[in-house]
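Visitor: Here's a structure for you.
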Amino acid sequence: MPATYTNPRYPFAPVRDAGARHKVVVVGGGLVGLTMALDLARRGQKVVLLDEDDTVSFGSRAICWAKRSLEIFGRLGLGEALLARGVTWNTGRVFFGDRQVYHFDLLPEAGHQYPAFINLQQYHLEEALVEACRATGLVDLRWHSRVAAVAPGPDGVALTVETPEGSYALHADWLLAADGARSFVRRALGLSFIGQEFRDRFLIADVVMRAGFPAERWFWFEPPFHPGGSVLLHRQADDVWRIDFQLGWDSDPEAERDPARVAARVRAMLGPEVEFALEWVSVYSFRCRRLERFRHGRILFLGDAAHQVSPFGARGGNAGVQDVDNLGWKLDAVLRGAAPDALLDSYDAERIAANDENILNSTRSTDFITPKNAAARAYRDAVLELAGRYAFARPLVNSGRLSRPAVLADSPLNTPDDAPWTGGLPPGAPAADAPVRSDGQPDWLLRHLGGDGFTLLLFGPPGDFPALAAGGPRPVFLTRTATPGALHDAEGLAAARYAAGPGAAILLRPDQHVAARWRHFDAAAVAHAQRCACGITITDTQRMAG
Amino acid sequence: MSRLNTEPNLDDPDGLFAALMDAHRDLDDAASRRLDARIILLLANHLGNTALVREAIAAARLGEA
Ligand SMILES: Cc1cc2nc3c(=O)[nH]c(=O)nc-3n(C[C@H](O)[C@H](O)[C@H](O)COP(=O)(O)OP(=O)(O)OC[C@H]3O[C@@H](n4cnc5c(N)ncnc54)[C@H](O)[C@@H]3O)c2cc1C
């Protein structure tokens, strides 16, 4: 049905390495598998990527990409192109009946490279990822390649891959399972999900139209044009609009897909004079759940294969992108022998905590949008009734708590503050962006942090700090006046956002999360914190030395 | 940390009870439920202390037995 987009078809390439052994195999060439392959390839790792299909995401799925995902895509070289292609938005409005009761600005301050969100159809993003993977020359993209058996062993995983030309065997030292919500790898290992399913159904109608709505997220509870349910409106690229109608559990999904019926619902919303064309229609129900563990020896789960949430909050795909951000540098360090295998256990610890936050938020939103009993409904409606008149009730309105990056507060990789520190970014927090000048040109702080290694953010000119030892983090100096060899924090926003005075040092991991911070640089403390953030214990150090 | 006061503290117990009854007089069950919910939310915000509300929830559940 889509008229604004034609799926590319990727050819099957005959296999020449049946029985071969590969360091990293990614199962699933969806949003998350593609991002994973790109991340590892940009670190210089070769990756085999297997996908059962021959194209990118079909039809309409994710559309909202959060600031943190854009920053990660920025590191992967795609951020600016996505920003240009997508629809930028920061504001959400909530209506009850025919009245606006609440609005929120997700990025109320200036001085960030990326907005709170862009909307862009998932297939556009995936197509860009396929091109970027190809450009690295290190990702072996294998379409029409379905993983049909997995046999885990102590030093890797034996795979059977089905193709149009028959089956073949592969051995993966590390298997990254990004094969989506119905993950074959998960089922083959006999792993079950913990969490819940919601008894409600939603109709997704994507329409092409020229409409006067602003680029904002609009959410209605019980609007006159859809009594008894909620409706969500989003603008996407190419004049496509996402309209999401709550249908209720008693609805008949087959009947609801009927284009005439969908068109009538849309017309009731837009009015008879607005012309539109249906681009995509589907009916969904949702789950909020995750695997008990994401790491199973040499197999690591990520994306929807590991966890799923309701889409209110756009936490599904965005969480998967953060899984990649977390896993990429760790697996790379293990493959290069720079960190022990145990570092990968921290992927499990950190991403489970982060995804539990997503599950909690999405569950609460879904409970608000779909009250489970008469009392829940009374409280929900009471909040909406109060919110129009009284400001206090507005923060209680929950039409979706939109994706924010997790603060990995309890991570075993963090080094706690050694002195009281008010404000700024505690260990585990993702780095904040800030406008800076480099060599007199306007630039962004995040572009200088993390990526291929650890970064030490030093507040002051290079001359104020002793020379750093080789093998340690890459120093980035920040100064309030233009200084050679330093980024110029002209507006003082970097110092303010990190609450860092002269002499302060902040250690950032390759995924731009804060590992540790000190009011005053201390070389031994930095080295210790970096070892800790690499999962290196004292015995590891002795073993590596010996 | 403040604790939920379960000792007599009302300036006008009969008046309070009557005010609640009056508020519900001409409402059906669903409307009554929403009214109670609005009252609870207003009072909870005035308290500004979720821990205290949790204590009240626990105390109210005990009251049933
Ligand atoms: C209506 C809707 C709206 C959404 N909106 C948003 C949003 O706005 N923002 C957001 O962040 N998220 C959103 N999501 C969630 C988002 O779409 C998913 O979280 C995301 O697609 C997960 O990506 P993935 O790569 O893990 O899985 P998938 O995209 O499902 O990819 C899995 C891949 O694995 C392949 N595969 C499966 N089995 C095998 C096998 N045996 N062998 C080889 N390959 C296999 C498939 O072909 C597929 O390519 C939305 C979801 C829905 C349904």
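Visitor: Buried accessible area between A and B (1.4 Å probe, both chains summed, ligands and nucleic acids excluded), in Å² to the nearest 100?
Guide: Buried: approximately 900 Å² between B and A.
Visitor: Whole-Å semi-axes of region A:119-232's equivalent ellipsoid, largest first, each the root of 5 times a Cα gyration tensor eigenvalue?
Guide: Details: eigenvalues 321, 99, 31 Å².
Semi-axes (√(5λ), whole Å): 40, 22, 12.
Visitor: Of all alpha-carbon pairs in region A:138-183, indicate the percentage at a distance above 14 angstrom.
Guide: 56
Visitor: Carbon and sulfur: what percent of chain A's accessible surface (1.4 Å probe)?
Guide: Exposed carbon and sulfur together represent 52 percent of the surface.
Visitor: Another one. Per the helix-only calculation at 222 nm, which mean residue ellipticity applies to chain A, given -39500 (n - 2.57) for every DSSP H run of n ≥ 4 and division by its residues, nearest 500 deg cm²/dmol?
Guide: Counting only the DSSP helices, I get -8500 deg cm²/dmol.
Visitor: Hey, can you find the accessible area per residue of the protein assembly as shown for me, probe 1.4 Å, expressed in square angstrom?
Guide: Details: 27410 Å² over 611 residues.
Per residue, the protein assembly as shown has an accessible area of 45 Å².
Visitor: So, one more: Would you mind telling me the antiparallel percentage of the DSSP bridges in the protein assembly as shown, rounded to 5?
Guide: Among the beta bridges of the protein assembly as shown, antiparallel pairing accounts for roughly 70 percent.
Visitor: In 10 Å bins starting at zero, report the fraction of Cα pairs in chain B per bin as a rounded %.
Guide: Calculated over all Cα pairs of chain B, the distribution is 17, 42, 38, 3 percent.
Visitor: While we're looking at this one, here's another question. Roughly how crowded by other chains is peptide B:56-62, in terms of the mean Cβ count from those chains within 10 Å of each of its Cβ atoms?
Guide: Numbers: counts 0, 0, 0, 0, 0, 0, 0.
What the average comes to for B:56-62 is 0.
Visitor: Also: Once amide H atoms are built 1.01 Å from N in the peptide plane, which residues 5 or more positions from A:VAL26, or in another chain, come under 5 Å H to H?
Guide: Correct list: A:VAL48, A:LEU49, A:LEU50, A:LEU176.
Visitor: Using θ = phi - 60° and the Karplus relation 6.51 cos²θ - 1.76 cosθ + 1.60, list the HN-Hα couplings for region A:203-210 in order, rounded to whole Hz, with x at every Gly or Pro.
Guide: Using θ = phi - 60°, the values come out as 9, 9, 10, 9, 10, 9, 7, 9 Hz.
Visitor: By average Cβ neighbour count within 10 Å, what is the ranking of A:457-466, A:300-309 from highest down?
Guide: Peptide ranking by packing, descending: A:300-309, A:457-466.
Visitor: Among DSSP beta bridges lying fully in region A:384-479, give the percent that are antiparallel, nearest 5.
Guide: Among the beta bridges of region A:384-479, antiparallel pairing accounts for roughly 45 percent.
Visitor: Given the C-alpha centroids of region A:465-513 and region A:198-250, what is the distance between them in whole angstrom?
Guide: What the calculation gives is 45 Å, centre to centre.
Visitor: Cα-Cα pairs above 21 Å in region A:361-492: how many percent?
Guide: So the portion of pairs separated by more than 21 Å is 62 percent.
Visitor: Give me the Kirkwood hydrodynamic radius of region A:196-287 in Å, from all C-alpha pairs, to one decimal place?
Guide: 13.5
Visitor: So, one more: Could you work out the relative contact order of chain A, using alpha carbon pairs under 8 angstrom and six or more residues apart, expressed as a whole percent?
Guide: 14
Visitor: Using a ≥ b ≥ c from the Cα gyration tensor of region A:397-473 (square roots of the eigenvalues), is it rounded, prolate or oblate, where a/c under 1.5 gives rounded and otherwise the larger of a/b and b/c decides, a/b for prolate?
Guide: Details: a/c = 2.06, a/b = 1.38, b/c = 1.49.
Judged from the Cα gyration tensor, region A:397-473 comes out oblate (a/c at least 1.5, b/c at or above a/b).
Visitor: Just checking the output field for B:31-39: average partner chain Cβ neighbours within 10 Å of each residue's Cβ?
Guide: Going residue by residue through B:31-39 and averaging, the value is 5.
Visitor: Still on this model: How long are the semi-axes of the ellipsoid equivalent to region A:435-545, from square roots of 5 times the Cα gyration tensor eigenvalues, in whole Å, largest first?
Guide: Result for region A:435-545: semi-axes of 26, 14, 12 Å.
Visitor: Can you run the Rg to Rh ratio on region A:296-402? Use alpha carbon positions and the Kirkwood inverse-distance Rh. If you can, show how the numbers build up before the last one.
Guide: On the way: Rg = 18.9 Å, Rh = 16.0 Å.
In region A:296-402, Rg relative to Rh is 1.18.
Visitor: Output ³J(HN,Hα) for region A:124-133: one whole-Hz value per residue in order, computed from phi by the Karplus curve 6.51 cos²θ - 1.76 cosθ + 1.60 with θ = phi - 60°, and x for Gly and Pro.
Guide: 4, 5, 5, 5, 4, 5, 4, 4, 5, 4
Visitor: Oh, and also: Write down Rg/Rh for the protein assembly as shown, rounded to two decimals, with Rg from the C-alpha atoms and Rh from the Kirkwood relation over Cα pairs.
Guide: Details: Rg = 26.8 Å, Rh = 26.8 Å.
Value, to two decimals: 1.00.
Visitor: OK, next. ³J(HN,Hα) across region A:176-184 via Karplus (A = 6.51, B = -1.76, C = 1.60, θ = phi - 60°), whole Hz, x for Gly/Pro?
Guide: In residue order, the calculated couplings are 9, 8, 10, 9, x, 4, 9, 2, 5 Hz.
The values are calculated or read from the model by the stated rules, or taken from the named source; none is laboratory data. These numbers were taken from a predicted model, which means no experiment stands behind them. Cβ atoms come from the backbone with ideal geometry, glycine included; neighbour counts cover every protein chain shown. When the accessible area is computed, the model is the full protein with side chains, heavy atoms only, and any ligands, DNA or RNA have been set aside. Shrake-Rupley method; radii C 1.70, N 1.55, O 1.52, S 1.80 Å.
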